[in-house]
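Accompanying notes for the structure given below.
All of the numbers you see were taken from the coordinates with simple rules; none came from a lab. Computed from a prediction, not measured in an experiment: that's the story for all the values here. Cβ sites come from the backbone with ideal geometry, for glycine too, and all protein chains shown count toward neighbours.
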Amino acid sequence: MEAIFFIILSIIIIFSSMMVILKKNPIASVLFLILALFSTAAMYVMLMAPFIAAIQIIVYAGAIMVLFLFVIMLLNLKKINEGGAVTLKILGVIVAGLMMVVTAVVLRSVAIPADSGFLRSSPEGFGTVENVGMTLFTTYLLPFEIASFLLLAAIIGAVVLAKKKL
Amino acid sequence: MIISLNHYLVLSAFLFCIGVAGVLTRKNAIIIFASIELMLNAVNLSFIAFARHWGDAGGQIFVFFSLVVAAAEVAVGLAIIVVLFRHKETINIDDVNLMRW
């Protein structure tokens, strides 16, 4: 059962990710990106991370993608000439393919003992809000505070950049 | 067929390479941004898979932080794109070489 869900979801994710980089129209490609992020959230639920899945849908597929669509509509783009050197594009695809090969070689050589499912059965309540929150506010409290500073800096930066006179 | 960590890692590597191909081949700055989001998403997937594999919630915390960083990055990056469009009337990265020389 898990295998069927995994295969269906990974087909959806791979298809929509391909569409993100193949579609000419930026709005269509951002919509496909939303689809990819949604199906990744479904995969997180399969991996017993329901809290992160909810965050993924709310923050990523909700807020960030709305920001993308907002900017695209705001800019009122003319058609971008995607032409130019074809050899460069072929080179780009070849580099990405080589990267896939390198990753596959590394994955084979490290030989993670995972042929019979996951190593540990996850403990009771793994990945729930309670469990994740407990870890976040004890072990990772300092990074959490620093992350809030990062967000503050990003807000100020975005506001300053968007002013009329830079 | 039992789904194990390796399946998720292969899927994640494949998604990452799709993102790399998008960054290297496209000219539209917004689609390049979307490809970067794809790469971040692929890495998040492998983090979650590792967290499930070792039964450790730390991986999920890291995904949380990477979401925070992605949100900050998108806010600043899209602001830069808007400013760029105001100055140059284009977001084709071939026409943008302000900082090349």
Review point. Of the residues A:I72, A:I90, A:I55, which exhibits the maximal mean-square fluctuation in a Gaussian network model of chain A defined by a 10 Å Cα contact cut-off?
Key: A:I90
Revision key, fill the gap. TM-like helix rule applied to chain A (DSSP H, alpha carbon span at least 27 Å on the long axis, mean Kyte-Doolittle at least 0.5) gives A:2-22, A:26-46, A:86-110, A:141-161
Review point. Quick one: what Rg and Dmax do you get for the protein assembly as shown from the alpha carbons, in Å?
Key: 19.4, 60
Point to revise | Kirkwood Rh and Cα Rg combined as Rg over Rh, evaluated for region A:1-73 | key: 1.02
Review point. With no solvent and one point per C-alpha, what does the Debye sum give as log10 I(q)/I(0) for region B:1-92 at q = 0.13 Å⁻¹?
Key: -0.54
Exercise for review: Quick one: among A:A153, A:A63, A:A42, which has the greatest mean-square fluctuation in a GNM of chain A with alpha-carbon springs under 10 angstrom?
Suggested key: A:A153
Revision key, fill the gap. Which of A:K89/A:K164; A:K24/A:K164; A:K163/B:K88; A:K89/A:K163; A:K23/A:K163 exceed 25 Å between C-alpha atoms? The answer is A:K89/A:K164; A:K24/A:K164; A:K89/A:K163; A:K23/A:K163
Review point. About its Cα centre, what dipole magnitude does the protein assembly as shown give when the only charges are +1 on Lys and Arg Cβ and -1 on Asp and Glu Cβ, stated in debye to the nearest 20?
Key: 1100
**Study point:** Cβ neighbours within 10 Å from other chains - mean over B:35-42
**Key:** 5
Point to revise | Average projection area in nm² (convex hull over Cα atoms of region A:2-122, one quarter of hull surface) | key: 9.8
Check your understanding: Given a cut-off of under 8 Å on Cα pairs at least six residues apart, what relative contact order in percent is computed for chain A?
Key -> 18
Revision key, fill the gap. Any helix of chain B counts here only if DSSP assigns it H throughout, its Cα atoms span 20 Å or more along the axis, and its mean Kyte-Doolittle hydropathy is at least 1.6, and such helices are B:5-25, B:58-88
Practice item. Sticking with the crude label model, points 7 Å out along Cα→Cβ, report the distance from A:T87 to A:E130 in nm, one decimal please. Key: 6.4
Check your understanding: What is the mean number of Cβ atoms from other protein chains located within 10 Å of the Cβ atom of each residue in peptide B:93-99, rounded to a whole number?
Key -> 1
Check your understanding: What order do you get for B:22-33, A:140-151 when each peptide is scored by the mean count of other beta carbon atoms within 10 Å, highest first?
Key -> B:22-33, A:140-151
Point to revise | Overall dimensions of region B:46-101 as given by Cα atoms, namely Rg and Dmax in Å | key: 18.1, 51
**Study point:** For A:54-61, mean number of other protein chain Cβ atoms within 10 Å
**Key:** 3
Review point. In region B:1-39, which residues have a backbone nitrogen under 20 Å from the label point lying 7 Å from A:I94's Cα in the Cα-to-Cβ direction?
Key: B:17-27
Practice item. Round to the nearest 0.05 the FRET efficiency obtained for A:I7 and B:V43 when R0 = 25 Å and r is the Cβ-Cβ distance. Key: 0.70
